[in-house]
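Okay, so here's the structure we're looking at.
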Amino acid sequence: MSEYFVVLIGYLLMNNYVMSKTLGLCPFIGVSKRFDTAKGMGMAVIFVITMASFVTWLINEFLLLPFGLGYMQTIAFILVIAVLVQIVEMALKKLLPVLYQALGVYLPLITTNCVVLGVTLDNAKAGTDLLMSTFSGFAASLGFTFALLLFACIREKLALSKMPKWMDGFPGALIAAGLMAIAFQGFNGLSF
């Protein structure tokens, strides 16, 4: 059980895909203007990465590796991710149309979100079992969502504060993201 705790804390703080590996910056910057849309994107990413980790492990272990098709991992994983995003998009359109409208163009961007593909490829490279692979995907997506929600709070505060003209909007967001990444690097010395 402690192994799962270490993985969870690691992906939340030290090995956060956005803050330490700089993956998934497009939705991180694009959806973080408002907390509500960031929360919706985070929930969608949690679902997609967790399910993608589960399904890609099965495809890798029972289809690709036994037939010597390991070189097809990237293509196969991208197809799985695209199908899962379509399922999420259809579900949000029917069940939560307001959130679907708020996410707009960023929802299909989950398909090309390199965090999703990065997590599945890292899981395949690690050679873990199904449970750990799925949990790693869940923990990594929680880390992405954690960083996204923190950044959304910071951007909402930035929007209300009086800043120099040159820092309004995107430049201020990039500076804040850089400072946030530096803060996350402070957790690298943490050990269990």
Candidate cut points under chymotrypsin sites (Phe, Trp or Tyr not before Pro) in region 25-124, DSSP loop plus at most 11 other Cβ atoms within 10 Å of their own Cβ, are PHE67
Just to verify a number: FRET efficiency for LEU190 and PHE67, C-beta to C-beta distance, R0 = 45 Å, to 0.05?
0.65
What FRET efficiency comes out for the pair LYS93/LEU160, r = Cβ-Cβ distance, R0 = 22 Å, nearest 0.05?
0.10
Rounded to the nearest 0.05, what FRET efficiency do PHE5 and LYS39 give with R0 = 30 Å and r taken as the Cβ-Cβ distance? Could you check?
0.75
Tell me, what % of the accessible area of the chain is carbon and sulfur with a 1.4 angstrom probe?
72 percent
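Quick check: net charge around PHE135, other residues with Cβ under 14 Å of its Cβ, Lys/Arg +1 and Asp/Glu -1? Present the calculation step by step, with values, prior to reporting the outcome.
Values: positive: none; negative: GLU3, ASP122, ASP129.
Charge balance in the 14 Å sphere: -3.
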Taking only protein heavy atoms into account and a 1.4 Å probe, give the accessible area per residue of region 24-156 in Å².
47 Å²
If amide H atoms are built 1.01 Å from N in the plane of the peptide, which residues on other chains or at least 5 residues away come under 5 Å of the amide H of ASN16?
none
Check each of the trypsin sites (Lys or Arg not before Pro) in region 30-67 and keep only those in coil by DSSP with at most 15 other C-beta atoms within 10 angstrom; list them in order.
ARG34
Counting only residues 5 or more apart in sequence or on a different chain, those whose built amide H sits under 5 Å from that of GLY169 are none
Starting from the residue with the highest accessible area, list TYR17, TYR11 in decreasing order, probe 1.4 Å.
TYR11, TYR17
Taking the Cα atoms of region 84-192, what is the range of coordinates along each of the three principal axes, in descending order and whole Å?
51, 45, 20
Kindly identify the chain as rounded, prolate or oblate by the Cα gyration tensor criterion: order the square roots of the eigenvalues as a ≥ b ≥ c, call it rounded if a/c is under 1.5, otherwise compare a/b with b/c, prolate if a/b is larger, else oblate.
oblate
For GLN101 and LEU25, compute 0.36 nm times the residue count separating them, minus their Cα-Cα distance, and round to one decimal in nm.
25.3 nm
Rounded to the nearest angstrom and ordered from largest down, what semi-axes does the equivalent ellipsoid of region 17-85 get from its C-alpha gyration tensor (root of 5λ)?
29, 13, 9
Helix 170-185 against the longest principal axis of the chain: what's the angle in degrees, Cα atoms only, rounded to the nearest 10?
60 degrees
Taking 7 Å along the Cα-to-C-beta vector as the label spot, tell me the VAL83-CYS153 distance in nanometres, rounded to one decimal.
3.8 nm
XL table LYS39/LYS157; LYS33/LYS157; LYS21/LYS125; Cα-Cα > 21 Å flagged, in table order, is none
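The values are calculated or read from the model by the stated rules, or taken from the named source; none is laboratory data. Predicted model, so just to flag it, every value in this text is computed and none were measured. Virtual Cβ from ideal backbone geometry, glycine too; neighbours counted across all protein chains shown. Only protein heavy atoms, including side chains, enter the accessible area calculation; ligands, DNA and RNA are left aside. Shrake-Rupley method; radii C 1.70, N 1.55, O 1.52, S 1.80 Å.
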